[in-house]
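Visitor: Once you've had a glance at the structure underneath, I'll fire off some questions.
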Amino acid sequence: MSRTTDFLGQSTPIQELKHLAIQVAQTEATVLITGETGSGKEVLSRFIHANSKRSHLNFIPVNCGAIPAGILESELFGHEKGAFTGALQSRKGYFESADKGTIFLDEIGEMPLETQVKLLRVIETGEYQKVGSSETRYTDTRLIAATNRNLQQAVTEKNFREDFYYRLRSVELHIPPLRERGQDILILAEYFITRFEQQHGLLFEGFTSDASEILLRYSWPGNIRELKNLIESLLILEKGKQITSEILEKHLVQRNRDKGLVHDPERSEKNELSLIYNSLIQLHHEISDIRRLLLHREQNDTTERKPPLLLPPPVTELQSGTLPSTPPAETEPDVTGIMTLEELEKKTIADTLEMCKGNKRRTAKLLGINERTLYRKIGKYGIENDDRLQAPES
Ligand SMILES: Nc1ncnc2c1ncn2[C@@H]1O[C@H](COP(=O)(O)OP(=O)(O)OP(=O)(O)O)[C@@H](O)[C@H]1O
Ligand SMILES: [Mg+2]
């Protein structure tokens, strides 16, 4: 399923926001996007890129909060061979890979102060240096940044540079939370229903009118991401049923009790149910990811085939319906090619990184770990990969 570059929504604030975004897209201005978690900051940044004259060039999303501080500069600007322990070869940074495209700096509020100085210089003069090099390089890259933190407060607390903040917020686009977007909630719900019906090959029977009322009145603390996940759970777990207010209440995890709009006398039991449903969805995603990974491995693993770690019993025994007989004591199992768990982990990470063309976010997602853990393991195993291009996610 291809990623939409449209920013969906018909409500007045969203129409105005889109209008502004299209105007800004056609300039070279650095943009700061603010909004609650899950409100669509990355979607809006892709929309700006798609409407800019750089739309045919690379769009590189960088999650500043997930990349350890010590690695972020090398990721952004690249490094020379020997710049630090483990820098076995020189590598391109995102600015070089972007190649006149757009870099999206997500969670900019998490960026270390010393990296902020360097980025301010890039914004003002286009100049930067690779880690471990004194040679000044130039980049012509559009920057879009996003945060769900209050940067003004971070400036007051001296956690964010004031000059960088004012430079960034010269064009600020704020995405309103979903609960303030009225009928957009139903429009987005429809959009996700169609998308997931196609993806899972299931039919959705729709909402009763009182269930739609709940959708409109719910506080959506996780915004569009929460709505999207809810629709997917409803489609998979309640297939074939029309969604009533009772079913919907059963599924909604009410996180903001003060603003809570769903009357729920058996909250603890329902929260427990929601947790189980969420775990099932998570499991479903993980199984799909593993399936994709195995398929990919199978296709690529035609040359050097190592024996599987767990061998199935011989076919004849399975077919005859008898239990596999105990192997004779003198037969030592063939352990050639058996890897330790660490070797296996290193190989899996390296293979997945290669498969994802160096896209760490996608690699982490496929492996079911967060990006920070992935970076830690790449460092631990000294895994190198040159291709930093982040292929657009599908
Ligand atoms: N206007 C929109 N149209 C269609 N899908 C959207 C829209 N806005 C958000 N989404 C979907 O909602 C989810 C969250 O969006 P996104 O990642 O852009 O949010 P975010 O504000 O960057 O979140 P976070 O603060 O957690 O980084 C994504 O799956 C995205 O596809
Ligand atoms: Mg984001």
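Visitor: Just one of (1) without any contact (Cβ under 8 Å) to a residue 40 or more places away in the chain; (2) within 30 Å of Ile123 (Cα to Cα) trips up Thr208, so point out which.
Guide: Result: Thr208 fails condition (2) only.
Visitor: Quick check on my filter: what residues within region 48-63 are in contact with a Gly (Cβ under 8 Å, 6 or more places away or on another chain) and either over 15 Å from Ala98 (Cβ atoms) or outside any loop (DSSP other than H, G, I, E, B) (or both)?
Guide: The answer is His49, Phe59, Ile60.
Visitor: Another one. Would you pick out the residues in region 7-32 that are within 8 Å of ligand 1 (Cβ to nearest atom) and not in a loop (DSSP other than H, G, I, E, B)?
Guide: Ile14
Visitor: Hey, could you check region 35-89 for residues that are of a type in the set (Lys, Arg) and more than 16 Å from ligand 2 (Cβ to nearest atom) and say which is farthest from Leu120 (Cα to Cα)? Outline the logic, then answer.
Guide: Residues of region 35-89 of a type in the set (Lys, Arg): 41, 46, 53-54, 81.
Filter once more, so that each one left must be more than 16 Å from ligand 2 (Cβ to nearest atom): 53-54, 81.
Values: Lys53: 23, Arg54: 21, Lys81: 25 Å.
My answer is Lys81.
Visitor: Sticking with this one: I need the strands (runs of 3 or more DSSP E) fully contained in region 111-198, keeping only those with at least 2 residues that are surrounded by 13 or more Cβ atoms within 10 Å (Cβ to Cβ) and β-branched (Val, Ile, Thr).
Guide: Correct list: 142-147.
Visitor: Out of all the residues in region 205-243, which are within 16 Å of Ile193 (Cβ to Cβ) and part of a loop (DSSP other than H, G, I, E, B)?
Guide: Hits for region 205-243 are Glu205, Gly206, Thr208, Glu238, Lys239, Gly240, Lys241, Gln242.
Visitor: I would also like to ask the following. Count, please, the residues in region 360-394 that happen to be under 16 Å from Ile60 (Cβ atoms), modelled with pLDDT of 85 or more and part of a loop (DSSP other than H, G, I, E, B).
Guide: The total comes to 0.
Visitor: Moving on. Based on what the data block shows, is Thr208 away from ligand 2 (no atom under 16 Å from the Cβ), out of contact with any helix residue (DSSP H, G or I) (no Cβ under 9 Å at 6 or more places or on another chain), modelled with pLDDT of 90 or more and polar (S, T, N, Q)? Spell out the reasoning first.
Guide: Details: away from ligand 2 (no atom under 16 Å from the Cβ): yes; out of contact with any helix residue (DSSP H, G or I) (no Cβ under 9 Å at 6 or more places or on another chain): no; modelled with pLDDT of 90 or more: yes; polar (S, T, N, Q): yes.
Answer is no for this residue.
Visitor: I've got another one for you. Take Ser45 and tell me if it is more than 17 Å from the chain's Cα centre (by Cα), closer than 25 Å to Ala29 by Cα and not assigned by TED's automatic domain parsing to the domain that holds Tyr375.
Guide: Against the criterion (more than 17 Å from the chain's Cα centre (by Cα), closer than 25 Å to Ala29 by Cα and not assigned by TED's automatic domain parsing to the domain that holds Tyr375), Ser45 does not qualify.
The values are calculated or read from the model by the stated rules, or taken from the named source; none is laboratory data. The structure presented is a predicted model; accordingly, all values stated were derived computationally and were not measured. Every residue, glycine among them, receives a Cβ derived from its backbone with ideal geometry; neighbour counts consider all protein chains shown.
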